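The values are calculated or read from the model by the stated rules, or taken from the named source; none is laboratory data. Keep in mind that what you see is a predicted model, and the values were worked out from it rather than measured. No Cβ is skipped: glycine too gets one built from the backbone with ideal geometry, and neighbour counts run over all protein chains shown. Note: accessible area is taken over every heavy atom of the protein model, side chains too, but ligands, DNA and RNA are not part of it. Shrake-Rupley method; radii C 1.70, N 1.55, O 1.52, S 1.80 Å.
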Amino acid sequence: MAKGIAVSKKRVAILISGRGSNMEALIAAAAQESYPAQIALVLSNRPGAPGLRRAAAAGIATEIVDPTLYGNDREGFERALQTKLEAYRIDLVCLAGFMRLLSPSFVGQWQDRMLNIHPALLPSFKGLDTHARALAAGVKIHGATVHMVVPEVDCGPILAQAAVPVREGDAADTLAARVLEAEHRIYPAALKFLAEGRVRVVDGRCRIDGRADADGLLFVPNI
Ligand code: GRF
């Protein structure tokens, strides 16, 4: 990049509910000057989410939108969410362990601009408890997926995937830890491609401009 030319970075909000290790991986990637996105906001639906402290320690603005204040008024909760995202002039949203279902109308406002990371090789093992279910099914390869968010949970166009071996003697927690390491590699890579404008959704599938395989969207370990 030529010196003196300001390149505008995409402004990203990360939505969390818990510890925020994927959030930290995204923050670390975005700290690099050449990364095409900046983390402008970390927002949690849970006031006590440990990730909030970690984000603040990294100097990132944090916000809480607590759904318990809205009772059954899901629209009101999502309006508050949207107001925050607009206040921070957010371009792209990354869900990272965000444990709230979002309505079709909210998702529609962020179509092709909102990513999620799921701890399984989609379309296998949608939903919760993916590691225990992968072990119960006896699969030998498990993994993680970054996908665009669509109204149906864990169903959006796939942008990045990481394969992880299932080892003899694995328990859900040892497998989860191995998958998590892979998550931390593919999520920053996926966001980079999206922020660079190199991802198009065509017929429900992500089309990537350029050599996607060479740039971290696929991660397959030596087994
Ligand atoms: C990750 O396993 C992610 O795939 C899932 O929720 C977990 C969040 O972990 N959606 P962390 O908060 O990023 O550490």
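Residue pairs whose Cβ atoms lie under 6 Å apart, sitting 6 or more positions apart in sequence or on different chains, and linking a residue in the range 150-170 that is more than 20 Å from Leu180 (Cβ to Cβ) to a partner that is surrounded by fewer than 21 Cβ atoms within 10 Å (Cβ to Cβ) and among the acidic types (Asp, Glu), do not occur here. Selection of the range 139-171 for residues being under 18 Å from Leu101 (Cβ atoms), open to solvent by less than 50 Å² (accessible area, probe 1.4 Å) and either in contact with a Pro (Cβ under 7 Å, 6 or more places away or on another chain) or at pLDDT below 95 (or both) yields His147, Met148. Scanning the range 122-138 for residues that are touching a helix residue (DSSP H, G or I) at 6+ places or on another chain (Cβ under 9 Å), part of a loop (DSSP other than H, G, I, E, B) and surrounded by 15 or more Cβ atoms within 10 Å (Cβ to Cβ) turns up Ser124, Phe125. Residues in the range 1-17 that are open to solvent by 20 Å² or more (accessible area, probe 1.4 Å) and at pLDDT 95 or above: Lys9, Lys10, Arg11.
Within the range 201-211, how many residues turn out to be touching a strand residue (DSSP E or B) at 6+ places or on another chain (Cβ under 7 Å) and either open to solvent by less than 70 Å² (accessible area, probe 1.4 Å) or closer than 16 Å to Val149 by Cβ (or both)?
Just the residues of the range 201-211 that are touching a strand residue (DSSP E or B) at 6+ places or on another chain (Cβ under 7 Å), to begin with: 201, 206-208.
Okay, now just the ones that are also either open to solvent by less than 70 Å² (accessible area, probe 1.4 Å) or closer than 16 Å to Val149 by Cβ (or both), so 201, 206, 208.
Final tally of qualifying residues: 3.
Please find, within the range 32-51, the residue that is nearest to Ile90 (Cα to Cα) out of those that are of a type in the set (Gly, Ala, Ser) and open to solvent by less than 50 Å² (accessible area, probe 1.4 Å). Per the criteria, the residue is Ala40.
The criterion of at least 1 residues that are out of contact with any Ser or Thr (no Cβ under 7 Å at 6 or more places or on another chain), more than 16 Å from the ligand (Cβ to nearest atom) and touching a residue at least 40 places away in the same chain (Cβ under 8 Å) is met, among strands (runs of 3 or more DSSP E) falling completely within the range 1-106, by 10-16, 37-44, 92-95. Here Lys192 clears all of (1) open to solvent by 30 Å² or more (accessible area, probe 1.4 Å); (2) touching a residue at least 40 places away in the same chain (Cβ under 8 Å); (3) within 16 Å of the ligand (Cβ to nearest atom); (4) within 21 Å of Glu24 (Cβ to Cβ) except the condition numbered (3).
Taken together, the residues in the range 153-166 that are out of contact with any Lys or Arg (no Cβ under 9 Å at 6 or more places or on another chain) and part of a loop (DSSP other than H, G, I, E, B) amount to 1. Inspection of the range 165-187 finds no residue satisfying the criterion of being of a type in the set (A, V, I, L, M, F, W, C), away from the ligand (no atom under 13 Å from the Cβ) and under 20 Å from Gln109 (Cα atoms).
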